[in-house]
Amino acid sequence: MRHLLPIAVVIAAPALAAPAPQWTVDKAHSQVTFQASMNGQPINGSFRRFNARIAFDPANLAGSSVAAAIDTGSAATGDQTRDEALPTPDWFNVRAFPRATFTAKQFKSLGNGRFQAIGTLTIRNSSRPVVMPFQLSVNGNVAQMRGTISIDRRMFGVGQGQFSTADAVAANVKVNVTIRATRAG
């Protein structure tokens, strides 16, 4: 009977999900953009430098994960004055907080190639739970993902001093993520 105990423990232990396949981001065909507004005028910009570690399989969501890092100093809108202001302490404060991160280990299928990534977004050392809906298409070893999330920049301390309210710069910022990736290995 004593010899059967280890077998019973193995049978009773919950099964751990096998890791999903790894994907390599094709940076030339991927982008992270944002849309905001100031005094009612639209502001469109992008982050020129970012990377992500992606392990994803629509048939193995429990084994899937993503860890993305965005270089906040790479934000660009095409307006010199605005672009010079974004790295300052009033906005991204890139000396103190050079990266924004998004991590997710939980995913939900919504059907028809639509999913939700349930994770944590960290900007300026302020972390908040977020849900990012995205669409995914996989063709052989190439995957194309498109997701959009709206965030309240004030929840992350983006916009200090005179910019801490939504009087001049709108609170909501839409972040669009387009990733093309190839299956590693």
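Residues that are in contact with a Lys or Arg (Cβ under 8 Å, 6 or more places away or on another chain), farther than 23 Å from residue 28 by Cβ, of a type outside the set (S, T, N, Q) and in a strand (DSSP E or B) within the range 170-185 comprise just one, 173. Could you look through the range 94-153, keep only residues that are closer than 16 Å to residue 25 by Cα and small (Gly, Ala, Ser), and pick out the one that is farthest from the chain's Cα centre (by Cα)? Looking at the filtered set, the residue picked out is 140. Within the range 87-121, being without any contact (Cβ under 8 Å) to a residue 24 or more places away in the chain, farther than 30 Å from residue 17 by Cα and surrounded by 15 or more Cβ atoms within 10 Å (Cβ to Cβ) holds for 87, 94.
Among the residues of the range 128-154, those that are surrounded by 14 or more Cβ atoms within 10 Å (Cβ to Cβ) and within 22 Å of residue 90 (Cβ to Cβ) comprise 151, 153, 154.
Residues of the range 34-64 being open to solvent by 40 Å² or more (accessible area, probe 1.4 Å), under 16 Å from the mean Cα position of the chain (by Cα) and among the polar types (S, T, N, Q), which ones?
If the condition is that a residue be open to solvent by 40 Å² or more (accessible area, probe 1.4 Å), under 16 Å from the mean Cα position of the chain (by Cα) and among the polar types (S, T, N, Q), then 35, 51 are the ones that fit.
The values are calculated or read from the model by the stated rules, or taken from the named source; none is laboratory data. Just so it is clear, the structure is predicted and the values come from calculations on it, not from any experiment. Every residue, glycine as well, gets a Cβ built from its backbone with ideal geometry; the counts of neighbours run over all protein chains shown. Side chains included, ligands, DNA and RNA excluded: accessible areas come from the protein's heavy atoms. Shrake-Rupley method; radii C 1.70, N 1.55, O 1.52, S 1.80 Å.
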